[in-house]
Structure formats: C-alpha cells, structure tokens
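Q: The following block contains the structure, expressed as structure tokens.
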Amino acid sequence: MFFSAFFKPHCLLCADYQGGQLGLCEPCATSLPWHQATQCPQCALMSDGGLCGSCINSAPDFDATHALFTYAYPIDSLLQQYKYNEMLHLADVFAKLFYDQNAAKLSRKIDLILPMPMHAQRLRERGFNQALEFARCLAKRLQLPIDYQSCQRVKLTPPQAGLPLKDRIKNVRGVFECKKPLQGLNVAIIDDVMTTGASLNELAKTLKKAGAARVECWVIARTLPK
C-alpha cells in the first residue's frame, strides 16, 4: 500500500499524482493541442476537410498525412525534451496516443513502417534517432513490420530549422537512398515533426522510385503557418 502510493506516477506536465499509464492527468491530456479533424488529408494543413489549394496546385509525393498534435505549447516543449534531453520514455507515450487517435481512421492497409533516416554522423552525435524510437513503439502497437536499414540518409546537410522553404527543398535534394525494392507496398514514414514537409516529400519521392505504391506521413506534430 505504501509503495503503490509512493510510486504513483506524476503527470508529465503538472506533476499531479494522477499521471496514469500515459504519464498525463486527464485535464492536461484534454488541453493538449490535438490536431484538428478539419485538415487537408494529404498534407495535414488546415482546410475544410478536403484537399488544400497547395496540394491541388502542386501535389506532394506523399499521399496522406496523419498528425497527432499541432506543434504548439506544451507539445513543442515535450518534443524538445524528447529529442535533446533523452526523455526516450516519451516515445511510447506518443505512440499510445497516436494509436488511440488514428488507428481506426488509417485509410489503407500499411505494409511497412519506415522511420525518417538520420545521417550516421548526426546519429553518433545524438546517440539515437527519435523517429526510430517512436516508430518502434508504434509498430509494436500496430503489429506492423519496421524497416530502418533499407533506406539511408547518404548526404550530411545543414539542419532544416530556420531555412526558407526553397532552401529546405534544395537542402534535402538527393539525400536519401533506398537499397531495397518496395514494389507495390504501402509505406508509412514516421517522423516527430512535420514543418514544411520538404524532408518527408523527398523521402516519399525516393520510396516511390523504389516501387512503393502509396506513402503516408505519420508524425507526432504538424507545424502550422503563422
């Protein structure tokens, strides 16, 4: 009795003794910036639920996007802690929330989960790939195969953060290489944050060149234009 009370989990956000299995109390979980249902099904930007003008005028190489949150407080802070302070237990928290919110509405059967590759040098510097940790937890819940070896980031480029859209697109051009044929497969790319979608689009293009029939982006958070 003493030990169960002593070790009762705290909420990740408010430190209340009602963190539960997800590490979030009910009021904090309810107040999170859940991504709106009225979004473009292809890029997850706000729309009336149909394709946005950008996707109509210049369709990306990925076919759909599922985002759990809008990139805003406190999710932005939690993701920073996850990526840069090695709070790796958050990977399973995000995976459980993503599964609960999205599993029932995924439009097609996904054959393969593929985390956003990280260049070998960046991986050595950070020590882990945050997209891979999230993907592992999500693949386990969805009982889907995961492939983190066939597609590699073969060029070391400057970080995307802070670059204008045109420079982001140029920065990631040709950075991925897929060594495995994906003929006819429906693939879900897993990443933590989708900002402009330049990296995800370049990877989707690479996967389709390898034969993928459909590519979806599954992300923890989607950044919205200011």
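Values quoted throughout were computed directly from the atomic coordinates according to the rules given, and no laboratory measurement underlies them. Everything quoted here is computed from the prediction, not taken from an experiment. Cβ coordinates were reconstructed from backbone atoms using ideal geometry, including for glycine residues, and neighbour counts include every protein chain displayed.
Q: Among PRO181, LEU24, GLN130, which residue has its Cα furthest toward the positive end of the charge dipole of the chain, with +1 on Lys/Arg Cβ and -1 on Asp/Glu Cβ?
A: PRO181
Q: Using a Gaussian network model of the chain with C-alpha springs under 10 Å, which one of ILE146, ILE190, ILE113 is most mobile by mean-square fluctuation?
A: ILE146
Q: Shifting gears a bit: What percentages, rounded to whole numbers, describe P(r) for segment 34-222 computed over all alpha carbon pairs with 10 Å bin width beginning at zero?
A: Binned Cα distances yield the sequence 9, 39, 41, 12, 0.
Q: Treating the beta-carbon of each Lys and Arg as +1 and of each Asp and Glu as -1, no other charges, what is the dipole magnitude of the chain about its Cα centre, to the nearest 20 debye? Before the final figure, lay out the partial values.
A: On the way: 26 positive and 19 negative charges, 153 e Å.
Result for the chain is approximately 740 debye, rounded to the nearest 20.
Q: Then there's this: For the chain, give me the percentage of DSSP beta bridges that are antiparallel, rounded to the nearest 5 percent. Walk me through the intermediate numbers first.
A: Numbers: 5 of 24 bridges.
In the chain, DSSP labels about 20 percent of beta bridges as antiparallel.
Q: Within straight cross-link reach of LYS109, meaning Cα distance under 12 Å, which aspartates and glutamates are found once same-chain residues fewer than 8 apart are removed?
A: GLU216
Q: Also: Around VAL193, under 11 Å between beta carbons, what's the net of Lys plus Arg minus Asp minus Glu among the other residues? The partial results should precede the final answer.
A: Working: positive: LYS83, ARG222; negative: ASP76, ASP191, ASP192.
Summing Lys and Arg as +1 and Asp and Glu as -1 gives -1.
Q: Divide by every residue of the chain the summed helix terms, -39500 (n - 2.57) for each DSSP H run of at least 4, and state the resulting mean residue ellipticity at 222 nm, rounded to the nearest 500 deg cm²/dmol. List each step's numbers first, then the result.
A: Details: 9 runs with 78 residues, N = 226.
Roughly -9500 deg cm²/dmol at 222 nm, from the helical runs in the chain.
Q: Which order do the peptides 215-221, 93-99, 129-135 take when ranked by the mean count of other beta-carbon atoms within 10 Å per residue, highest first? Working shown, then result.
A: Working: 215-221: 25.7, 93-99: 20.1, 129-135: 23.3.
With the highest mean Cβ count within 10 Å placed first, the list reads 215-221, 129-135, 93-99.
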